[in-house]
Amino acid sequence: MAQVTAAGQRQQKALHQSPIVWGAGALLLVAILMVSSIISVTQGALMLVGGALGMVLYHAAFGFTSAWRVFITERRGRGLRAQMVLLAVAVVLFFPALSAGTLFDQPVRGFVSPIGVSVMVGAFMFGVGMQLGGGCASGTLFTAGGGNARMMVTLLFFIVGSVLATINFDWWASLPAFRPVSLVELGAGGGIATSLVLFAIIAAVTVLLERRRHGALEAAAVPAERRGTARWLRGPWPLLFGAVALALLNFATLALAGRPWGITSAFALWGAKVVQAVGVDPGQWSYWQQPGNAQALGESIWRDVTSVMNIGIILGAMLAAALAGRFRPSLRIPARSLAACIIGGLLLGYGARIAFGCNIGAYFSGIASGSLHGWVWMVFAFAGNLVGVKLRPFFFNQPARPAVSGC
């Protein structure tokens, strides 16, 4: 009876939010049609991919921040293993295309960046910001789109931090660094094999540590009322399904845009547009004098692939939250939590810019591109998460390491 009641309550919430469902769906459809008509059909397709990413991220609750925090505090590695599946599927798809240089007769390139001081410092800052801000780049977008007011504050300061990093980006770029290196240089087969071995080692370590702490691996728990076909509409989706879907959608981005999925360059662009509007010329900063960045700054954001996809993610997550009956924004944010949003957002934005990307552009798409800078980013971002987890109790009034029962 309790399960029936709970299921009924969820159904009532979903029905109550049907106007939001229709509204979010209409917004996404109108945005796709508008971009398709005024820019190109390809750009509209990229917004559609963004909408699909938002739905997958929300319904699968695919979080990088929470997965790393749970592993650090509880040694539960299900989320980290899902990330290894995500990366494994991605490299199998990406490496042959990147090695050939074309996909469906269109030129493609990966995200391959130098390995230097800026990557290490920026990734560490980003890692701390993940735990204080409450999310990563993708997590901030999909939770903000899902109606989380706290994450909207994080997003705002994410943008501010991104703009601040562009002011002295040239100084960070001048620091010692090695040339960009990609495992694709080993050949598609060699690069895939090397990557899969590394993913397997990481997954095996999580299994070993989880069994040592708990005696057994954590099983995915799905409420009985969500095991039917309704779960595909209202969620939650299986975590591994989310991992595979995200990898496929990133590959679709590569096919359509000629490069992988990224997020945070758009935040710097949005902030620079605001700075322009108040009379300051960001074009004087070296970051915006680089050819691609200068072009983006001079054009409409609707021509920017990353911006269009980010907007799609927000609208897709809003639609998913409404379908799940969970779109309930609340402006009640405790003072310390608000402070964490501000500090975390600034660290996320600044760190992502100087590290050549975030958990998506550097970690997911970087490793999918074979870039060694993606692996370095992962190591230093994880170190930042260790520090961020230690700082969380001050802001969120919770223990740094939850009590764990079992052997």
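Tell me yes or no: at least one residue of the stretch 219-232 is of a type in the set (D, E, K, R), surrounded by 15 or more Cβ atoms within 10 Å (Cβ to Cβ), under 20 Å from residue 60 (Cα atoms) and in contact with a helix residue (DSSP H, G or I) (Cβ under 8 Å, 6 or more places away or on another chain).
Yes, because at least one residue in the stretch 219-232 is of a type in the set (D, E, K, R), surrounded by 15 or more Cβ atoms within 10 Å (Cβ to Cβ), under 20 Å from residue 60 (Cα atoms) and in contact with a helix residue (DSSP H, G or I) (Cβ under 8 Å, 6 or more places away or on another chain).
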From 144, 216, 200, residue being crowded, with 21+ Cβ neighbours inside 10 Å, small (Gly, Ala, Ser) and within 23 Å of residue 70 (Cα to Cα)
144
Write out, first by first residue and then by second, each pair whose Cβ atoms fall under 6 Å of each other, whose residues are 6+ apart or on separate chains, and whose first residue, in the stretch 317-338, is at negative phi while the second is polar (S, T, N, Q) and outside any helix (DSSP H, G or I).
322/17; 327/17
Tell me, please, whether a residue that is small (Gly, Ala, Ser), closer than 21 Å to residue 261 by Cα, at pLDDT 85 or above and surrounded by fewer than 15 Cβ atoms within 10 Å (Cβ to Cβ) can be found in the stretch 27-40.
yes
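Yes/no per residue for (1) of a type outside the set (Ser, Thr, Tyr); (2) assigned to a helix (DSSP H, G or I); (3) under 16 Å from the mean Cα position of the chain (by Cα); (4) at pLDDT 95 or above:
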residue	(1), (2), (3), (4)
255	yes, yes, no, yes
261	yes, no, yes, yes
292	yes, yes, no, no
302	yes, yes, no, yes
Could you tell me whether residue 116 is in contact (Cβ under 8 Å) with a residue 40 or more places away in the chain and closer than 30 Å to residue 394 by Cα?
no
Among (1) within 24 Å of the chain's Cα centre (by Cα); (2) assigned to a helix (DSSP H, G or I); (3) farther than 30 Å from residue 296 by Cβ, there is one condition residue 274 misses while meeting the rest; what is its number?
(3)
Could you list all residues from the stretch 100-111 that are surrounded by fewer than 20 Cβ atoms within 10 Å (Cβ to Cβ) and farther than 10 Å from residue 255 by Cβ?
100, 101, 102, 105, 107, 109
May I ask you to list the residues in the stretch 135-187 that are closer than 20 Å to residue 116 by Cα, hydrophobic (A, V, I, L, M, F, W, C) and assigned to a loop (DSSP other than H, G, I, E, B)?
175, 181
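The values are calculated or read from the model by the stated rules, or taken from the named source; none is laboratory data. Here the structure is a predicted model, which is why all the values come from computation and not from measurement. Cβ sites come from the backbone with ideal geometry, for glycine too, and all protein chains shown count toward neighbours.
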